[in-house]
Each structure stands twice: as C-alpha cells, then as structure tokens.
Amino acid sequence: MAETYIPQQFKGRSLLNWIDYTPDEIKQFLDLAIALKEEKKRGEVHQRFIGKTIALIFEKRSTRTRCSFETAFGEEGGHPVFLSTADIQLGGKESVEDTARVLGRMFSAIQFRGFSQKHVETLAKYSGVPVYNGLTDEFHPTQALADIMTLQENFGHLKGLNLVFCGDGRNNVARSLMLISAKMGINFTIISPKELFPDEQIQKICKPFAEQSGSKITISDKISLVKGADAIYTDVWVSMGEEKLKETRCKLLSPYQVNEAMIKSTENEKCIFLHCLPAVKGEEVTEAVIEGPQSRVWDEAENRKFTIKAIMMATI
Ligand code: CP
Ligand code: NVA
C-alpha cells in the first residue's frame, strides 16, 4: 500500500482561523484528511505521533472536538493531556502569555477551546509550538474543514456548490463557513434575521477571497433563498456562553427552523443537511430532518477526527 503523503511545508504552523491559508493549502489538508480516513477504513495502524504530546485546553464543553483530538493523537502513539479550567489558571492567576511559554516547553502542540480569540492568538504567539483553535466565540476552523470534507465526499467537488447556512448568522460556525467557502469557491448564503447578520468585518475579510475564487457570498433574511441549495446547514440558536439570550433568540429564529418544508423548497432532490452538532432538535432543526435521508451529520462528525488528525500531522 502506498504510504500516505504528508506535506512538509506546514511544520510549526498554527491554525487560528483560515485567513492565513491559501486555497491550495486548504486543499492539501483536505486531501490528507481523506487519505487518513481511507487508511483507517483499510484497517491500517500507524504510530506517527510517538514521543509527541499535546495540551488540550477546554474552557467550554465538547464531545466531538475533544474526542477527535484525543483519539486521533492517541491512536498514533501520542500523549494528549486534557486541561479544563478546573485544572489550570489560564488568564486568571497566571497570564495567557506565561501559560503559553510553559506549555510550549513541555508539549509538541496546544489545542484551545474557549471564549476569546485573543487567547488562542496569544498562545500561538508565545508558546513557540503549533496552536489549534478548537472553537472560540469568533471562529471554529477545524469544524469548517470537516464540513467541506463532507461536501467533497458527497458531491466530488467544492467549486460552485451552493451552501446555505440558516440560523444564527453571526456565530463562530457561520463565520468560519463563510471564510472557508470564500477561499474554496463555494457559493455561501447566510439566511438569518437582520439582527443576527454577520458583522461587517468578517464580510470585508471574505470579500477579496471570494472575488479570487469566484464564490458568491449572500446575506439575507429571506428564507426563499434556500431554493437551489446543495446543502443546508444550521447550528444551535444559542451558542455556549450566550445562555441568557435563549428566549430572545428562540423568538427571533423560530421562522428559520430547518424542517422538511424548507428542505423541499430547495427544489433540489440531492440537497443534503449538515449540522456541526450538538443539535437541539425541535429548535434549529426538526427530528425528521436530522434523521431523514438528506442528513449527513454523522459523517460530518466522523470527519472531525480525520481533519483534526490531518491538521496535527501536517503541522507537528
Ligand atoms: N461540533 C463540535 O465542535 O462539537 P463539540 O462541541 O462536541 O466539540
Ligand atoms: N455555535 C456553537 C457551536 C458548537 C460546536 C457554540 O459555539 O456553542
């Protein structure tokens, strides 16, 4: 069996969002993730992280991201160390800069899931090792790679696909999808109430990337724009840390629920449904859709592991 090709030019790089990566580089991560998934299907066992360690800092809860990092790293012989806010002093008694410098002396890489994008950037600046953003209030880049991997698996290509995100258009997942779609030539539409449109800054960042790739970015409150979608994507209405906003959000977003009628109104029989999970069934999506024939959410969750493994393997 041919050995999986691991690109060497990414060694030492962090993944904080996709802004600093070219479409060709993103494609290389994607190809590696697909190859790693195929290896696994063939039953191959590899030990490419022997002697390596990764610190997994979690300020917010996680199932998929934590388990992807732990299993992907551990099964290749590496040693992951889980650090919750109950374990370390990050940003409290000890500054983020100091924590970064200490962890950088002990670990081969660091994953951070938390609130502040600034924190993950500071970890990257001061640790001297690759740092991965496992979700902040602003971005969820590892999720976006798994999402486009799922699109690639379903459609065999990315360019020109119509991806529609319906829901809280200003959240971390929507912003990361906008960025990766703009880079990869995927037409990306956000459908959400005006109050939840993504901020101007992320739109400005995406604009030149979209112009270059030929991606069309649309932001609207009109649900009729689902027509022609190849994939409908949604996420929770209330992200971690925003629990107090639940009532307002549910009121604002109830017309934007992804249900069978919405899927039908795409007028595309091949339209698939995506969700980063966890899902609140009955809010942003109905049980019928998530369990229905269009749903690819379990493949998408599985792809988290292989995209995360690819990111670690290319950068450590
Ligand atoms: N999609 C995702 O990031 O899931 P977790 O919150 O379970 O990690
Ligand atoms: N937007 C959600 C994503 C969870 C994976 C959150 O931040 O809670």
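FYI, it's all coordinate maths here, none of it is from the lab. Keep in mind that this is a model prediction, so the values were computed, not measured. Neighbour counts run over all protein chains shown; Cβ positions are idealised from the backbone, glycine included.
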Is segment 80-140 rounded, prolate or oblate when judged by the Cα gyration tensor, a ≥ b ≥ c being the square roots of its eigenvalues, rounded requiring a/c under 1.5 and prolate requiring a/b larger than b/c? rounded
Which of L103, S181, P141 sits closest to the plus end of the dipole of segment 102-196, meaning its Cα is farthest towards the positive end, when Lys and Arg get +1 and Asp and Glu get -1 on the C-beta? L103
In terms of the Cα gyration tensor, with a ≥ b ≥ c the square roots of its eigenvalues, is segment 46-204 rounded because a/c is under 1.5, prolate because a/b exceeds b/c, or oblate? oblate
Overall form of segment 1-123 per C-alpha gyration tensor (a/c, 1.5; a/b vs b/c): prolate
Over the alpha-carbon set of the chain, work out the extent along each principal axis and list the three values in angstrom, largest first. 53, 51, 37
Quick query: amide H of Y233 versus all other amide H atoms, modeled in the peptide plane; which residues come in under 5 Å with a sequence gap of 5 or more or a different chain? V164, F165, C166, L274
Once both label points are put 7 Å beyond Cα along the C-beta direction, the S116-A288 separation in nm becomes 4.6
q = 0.11, 0.21, 0.24 Å⁻¹: log10 I(q)/I(0) that the Debye formula gives for segment 196-277, counting C-alpha atoms only: -0.39, -1.20, -1.27
For K125, counting only lysines whose alpha-carbon sits under 16 Å away and dropping same-chain residues fewer than eight positions off, the answer is K11
For H79, enumerate residues with amide H under 5 Å from its amide H, sequence gap 5+ or separate chain, H modeled in the peptide plane. K52, T53, I54
Please list the non-local residues whose amide H lies under 5 Å from the amide H of E138, H modeled 1.01 Å from N, same-chain partners needing a gap of 5 or more. Q117
Spelling out what I want: for every residue of segment 109-120, take phi, set θ = phi - 60°, compute 6.51 cos²θ - 1.76 cosθ + 1.60 (Karplus), and round to whole Hz; glycine and proline get x. 6, 9, 10, 10, 10, x, 8, 8, 5, 4, 4, 5
Charges at C-beta only: +1 for Lys and Arg, -1 for Asp and Glu. How large is the resulting dipole of segment 201-244 about its Cα centre, in Debye rounded to 20? 240
In terms of the charge dipole of the chain, which places +1 on Lys and Arg and -1 on Asp and Glu at the beta carbon, the residue among L225, L15, G43 farthest towards the positive end is L15
Residue-wise, which Karplus ³J(HN,Hα) couplings in Hz belong to segment 23-39, taking 6.51 cos²θ - 1.76 cosθ + 1.60, θ = phi - 60°, and x for glycine or proline? x, 5, 5, 4, 4, 5, 4, 5, 4, 5, 4, 5, 5, 5, 5, 5, 3
Along Cα→Cβ, 7 Å out, is where each label goes; now give me the distance between the ones at H46 and Q9 in nm to one decimal. 2.0
Could you size up the charge dipole of the chain around its Cα centre, putting +1 on the beta carbon of Lys and Arg and -1 on that of Asp and Glu, and report it in debye to the nearest 20? 380
